[in-house]
Each structure stands twice: as structure tokens, then as C-alpha cells.
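One structure is given here, and the rest of the page talks about it.
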Amino acid sequence: MGRGRVELKRIENKINRQVTFSKRRNGLLKKAYELSVLCDVEVALLIFSSRGKLYEFGSAGPSGINKTLERYQRDNFTPQDNVAEHETQQNWFQEISKLKAKYESLQQTQRHLLGEDLGPLNVKELQNLEKQLEQALAQARRRKTQLMLEQMDDLRKKERQLGDLNKKLKSQLEAEGLNLKAIQALWTSTSDAAGTSSFHVHHSQRIPLDCEPQPVLQIGYQYAQAEGSSVTKSGTGETNFIQGWVL
């Protein structure tokens with residue numbers, strides 16, 4: 001009984017799909033090898049698994065795949081495309097060569113300006129180098145002088161501003177000083193006026209009062225000396241009564 005026809009569709013079973021891939025991959029690689037040997041042809045085979053693993057075969061040896069791909073790229077382009085690509089490559093090579101030569105020349109000039117590698121230079125080249133250095137030095141001096149002049153102008157402006165501010169402050173201080181002097185003068189004049197208009201104390205003369213003695217109320221006991229009494233005074237300071245309170 002013959003082998004049944006297999007329906008071409010994706011195998012859902014993962015294990016069966018992997019087994020089928022391994023068998024058919026090996027068979028395909030074998031067929032590619034047989035084709036290259038039997039028919040003497042150049043064969044390149046590339047297989048990527050579902051996991052991204054690469055399987056390849058090249059009939060031209062270990063690097064057969066790369067050679068076959070390069071040949072494919074060359075043969076796949078038209079002659080016009082090849083000419084345009086060749087011209088583009090030539091233009092790029094020329095541009096790169098020019099930039100490289102310019103870069104080397106700039107490096108050499110920089111070394112000469114720094115005083116390095118002066119041995120191969122002749123007298124004329126040294127004179128040109130000296131002229132370049134003198135010009136560069138003159139430009140540097142001019143730039144330095146310009147910067148110094150600009151700084152001096154800025155300093156003069158600041159000096160004028162400070163001078164104006166100083167004058168303004170001085171005028172304010174002078175005005176405040178005049179006000180202070182006016183206040184001091186006013187205070188002095190006020191003090192003098194107050195001194196001249198103060199009251200003077202005059203001692204009044206004692207004016208005798210012509211008045212008769214008024215009766216005096218005396219409180220206390222009085223001891224009057226009887227007429228004809230033989231009692232004498234005990235002293236000049238003694239009185240014949242005890243004074244009371246006088247109202």
C-alpha cells in the first residue's frame with residue numbers, strides 16, 4: 001500500500017513540528033549538497049528556525065555563503081547601477097583622501113607653529129613661518145589692547161557714576177548740616193529769650209505793722225507771784241508760770 005499524501009499546513013503539535021523540521025532540514029541540506037556535486041553548481045542555502053537559529057550550506061567552502069551572496073549582489077544590479085555605484089564610491093574615496101591630506105597638513109602646520117619638526121624646513125619656509133608668527137602676535141596684541149581699552153572705558157563710567165553719587169550724598173549731607181545749624185541757632189535764641197524773661201526774686205523790706213496786740217488764748221496752769229511774796233527767782237531764765245499752748 002502506498003504512502004498517503006501529506007496535507008501542507010502548519011503542524012499544531014509542537015513536538016511533531018520539531019521532529020518534522022529536523023528531518024526535512026537534514027534532507028534539504030543533503031539535497032543541496034548532492035545538487036552541487038552532481039551538477040557542478042554553486043549552491044548556497046540559509047535556514048532560520050522558529051527560534052532564530054541559523055543553518056547554512058555553501059558549496060564553495062567555509063566562506064562559500066559570503067562569496068555566493070557577493071556574486072548575487074553583483075549580478076543582481078544592472079550595469080547602470082554598477083556604474084553609478086562605482087562613481088559614488090570614487091567620489092567618496094576622493095573626498096576622504098582630500099580630508100585626510102588636509103588634516104595631515106593642519107597637524108604639520110600646528111607642529112611648526114609650536115616650534116616642532118623644523119628640521120625639514122628651508123630658509124624661505126622658515127621666513128614664512130616667522131611672518132605668520134609675527135602676524136599672529138600682532139593680532140593678539142591688538143586684541144589685548146582693545147580689551148584693555150574697553151575695560152578702561154568701563155572703569156571711567158563707573159568712576160563718573162561714583163562721582164555723581166558722591167556729589168549727591170555730599171549735597172544731602174550739606175543740606176542736613178544746614179538744617180541742623182538752623183535748629184541749633186533756634187534753640188540757642190529760645191534759651192536766651194527764656195533767660196532774660198525769667199522772674200527775679202526781690203527781697204521786700206520789712207514793714208512794721210501798726211497793730212495792737214490781740215488777746216491770746218493760753219492753755220495750761222499759770223502760777224502768778226503774789227504781791228509781797230518773798231520768793232525769789234532761781235535764775236534769770238525762769239518764769240513765774242508754765243506756758244501752755246498758744247493759739
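The values are calculated or read from the model by the stated rules, or taken from the named source; none is laboratory data. Computed from a predicted structure; not experimentally measured. Positions of Cβ are generated from backbone atoms using ideal geometry, with glycine treated the same way; all protein chains shown enter the neighbour counts. Remember, those area values only see protein heavy atoms, side chains included, never the ligands or the DNA or RNA. Shrake-Rupley method; radii C 1.70, N 1.55, O 1.52, S 1.80 Å.
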*Can you name the condition, by its number, that Leu38 falls short on among (1) farther than 20 Å from Leu69 by Cβ; (2) at pLDDT below 90; (3) among the hydrophobic types (A, V, I, L, M, F, W, C)?*
(2)
_Filtered residues of the range 108-143 (kept if among the small types (Gly, Ala, Ser) and surrounded by fewer than 11 Cβ atoms within 10 Å (Cβ to Cβ))_ = Gly115, Gly119, Ala138, Ala140
*Hey, among the residues in the range 41-62 that are polar (S, T, N, Q) and either farther than 16 Å from Arg24 by Cβ or at pLDDT 85 or above (or both), which one's most open to solvent (accessible area, probe 1.4 Å)?*
Ser59
